[in-house]
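Structure first, commentary second.
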Amino acid sequence: MKIKRSLAKEGDVLAEDIFSMTNHPIMNKHTVLTARHLSVLDRFLIEEIDILRDTVKTEKREKESMRKKEEQNSHEIKDDSFVSIYLQAVKKYKLLFENWRAGALVSILDVRNTIFPAVLKGMDDPRSILMLHHYTKEKEYIYFHAISVAVLSAFLGKRLKLSRGDCLQLALAGALIDCGMAKVSSNLLHKEGPLTSEEMKEIKQHTIMGYNMLKKAAGIKEAVLLGVLQHHEREDGSGYPLGSKGDHLHSFSKILAVSDVYLAMTEERPYRDKQSGFKVLEMMMNDQFGCFDHRVLNSLIDSLSIFSVGTQVKLTNQEIGEIVFIEQAYPTRPMIKLKTSQEIIALKNRRDLFIEEILS
């Protein structure tokens with residue numbers, strides 16, 4: 001019976017002579033195939049041979065070959081973890097942003113397709129969301145920040161009982177809050193140090209430039225436009241570009257403001273190290289009191305409860321400990337059992353210490 005060369009194996013017996021481009025056979029009938037014979041067949045590009053073997057054996061061989069392929073494919077598991085999907089989104093967003101810098105128009109469909117897989121995955125994975133700052137690369141901060149704001153804003157929207165549709169629109173606004181940075185001079189975009197007052201003045205134009213880039217984009221909603229324009233406005237009127245406050249701010253901009261500041265302060269930047277989420281939230285509660293919508297900020301603070309009893313942390317004095325109790329009135333300052341001394345300390349009584357990092 002004739003079979004493909006790829007199905008032949010050592011021990012098979014040729015039923016007919018095999019010819020190539022000669023008058024004499026390169027292998028004779030009744031030859032018992034060895035590894036050397038199979039190699040010769042390959043060199044002569046023989047695609048089909050006639051062997052003395054019944055159909056049943058052939059079918060078993062083919063089934064075994066298929067089984068091995070399926071088994072091999074089953075080990076090639078697709079990585080669908082949040083981190084993997086998030087990093088893919090960052091990579092794709094970078095390409096979009098560079099195209100905007102080159103003058104391309106913003107395609108809302110392209111942005112949606114880029115961010116929604118990470119957003120949808122992240123909305124059900126709060127622990128990963130509150131660890132986003134660990135993944136940022138300082139030299140590509142703007143790309144990581146866009147995806148992080150999108151994911152965190154959608155998560156907060158869900159906690160605030162927004163509809164699924166509004167959460168996704170909020171994520172879209174989060175990804176686009178800094179699209180206007182594509183029109184800022186490149187030396188400012190990548191400057192490794194604090195900005196001068198003149199440079200800051202130019203940077204602050206990114207909200208208006210972003211709004212102008214987006215207002216003619218097909219399929220964009222007013223809520224997204226206002227979110228982009230107002231994400232640096234503050235409840236007390238201390239923000240920019242218009243100094244709007246309170247009821248004059250769209251609900252999207254209030255959520256985006258909290259997400260933007262929290263992530264900006266926890267992510268590593270060229271001119272400073274990343275800071276603990278616990279410390280940042282405490283600063284947002286105290287040092288910037290009145291700047292943010294309290295419902296949104298409290299929603300983010302309440303999310304810290306996912307780091308429950310048993311979570312391993314590192315303090316700012318580099319000591320390792322374990323959260324043993326979270327007092328509702330002091331969510332950013334739980335009680336910690338130190339690993340070395342086994343002493344239990346209440347961070348509410350230790351204002352010199354903060355949780356610097358979540359370990360596990």
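The values are calculated or read from the model by the stated rules, or taken from the named source; none is laboratory data. Bear in mind the structure is a predicted one, so any value in this text is a computation, not a measurement. Here the Cβ positions follow ideal geometry from the backbone for every residue, glycine too, while neighbour counts run over all protein chains shown. Just so you know, the surface numbers come from the protein's heavy atoms only, side chains and all, with ligands and any DNA or RNA stripped out. Shrake-Rupley method; radii C 1.70, N 1.55, O 1.52, S 1.80 Å.
Tell me, rounded to the nearest percent, the portion of alpha carbon pairs in the chain spaced more than 29 Å apart.
Everything past 29 Å amounts to 54 percent.
With a 1.4 Å probe and all protein chains left in place, how much accessible area per residue does the chain have, in Å²? For the chain, the solvent-accessible area averages 53 Å² per residue. Is the shape of segment 148-282 rounded, prolate or oblate, going by the alpha carbon gyration tensor and its root eigenvalues a ≥ b ≥ c, with a/c under 1.5 for rounded and a/b larger than b/c for prolate? The shape class here is oblate. Summary of packing: across the peptides 131-141, 189-199, 108-118, the per-residue average of other C-beta atoms within 10 Å ranks them, highest first, as 108-118, 131-141, 189-199. Charges were assigned to the Cβ only: +1 to each Lys and Arg, -1 to each Asp and Glu. The resulting dipole of the chain about its Cα centre is roughly 380 debye.
Estimated from helices alone, the mean residue ellipticity of the chain at 222 nm is -14000 deg cm²/dmol (sum of -39500 (n - 2.57) over DSSP H runs with n ≥ 4, per residue).
Straightening the chain between Ala218 and Gln328 buys 35.0 nm, computed as 0.36 nm per residue apart minus the Cα-Cα spacing. Which whole DSSP H helices in the chain pass both tests: a Cα extent of 27 Å or more along the axis and a mean Kyte-Doolittle value no lower than -0.5? The answer, listed by residue number, is 82-101.
Surface composition of the chain: carbon and sulfur make up 51 percent of the accessible area, probe 1.4 Å. Model label sites at Lys337 and Asp287, defined 7 Å from Cα along the beta-carbon direction, differ in position by 3.3 nm. Taking the Cα centre of segment 128-252 as reference, the dipole from Cβ charges on Lys and Arg (+1) and Asp and Glu (-1) amounts to some 420 debye.
Charge dipole (Cα centre; +1 on Lys/Arg Cβ, -1 on Asp/Glu Cβ; no other charges) of segment 305-360 amounts to roughly 100 debye.
Approximating the spin labels as points 7 Å out from Cα along Cα→Cβ, the Ser186-to-Arg36 distance works out to 6.3 nm. Ser238 contributes about 80 Å² of solvent-accessible surface, heavy atoms of the protein only, 1.4 Å probe. Taking the charge dipole of segment 231-360 about its Cα centre, with +1 at Lys and Arg Cβ atoms and -1 at Asp and Glu Cβ atoms, the residue from Asn317, Ser276, Phe354 reaching farthest to the positive side is Asn317. Here the label points at Leu52 and His134, each 7 Å from Cα along the C-beta direction, are separated by 6.5 nm in the simple model. For the listed peptides 219-232, 329-342, a ranking on the average number of other beta carbons within 10 Å per residue, highest first, reads 219-232, 329-342.
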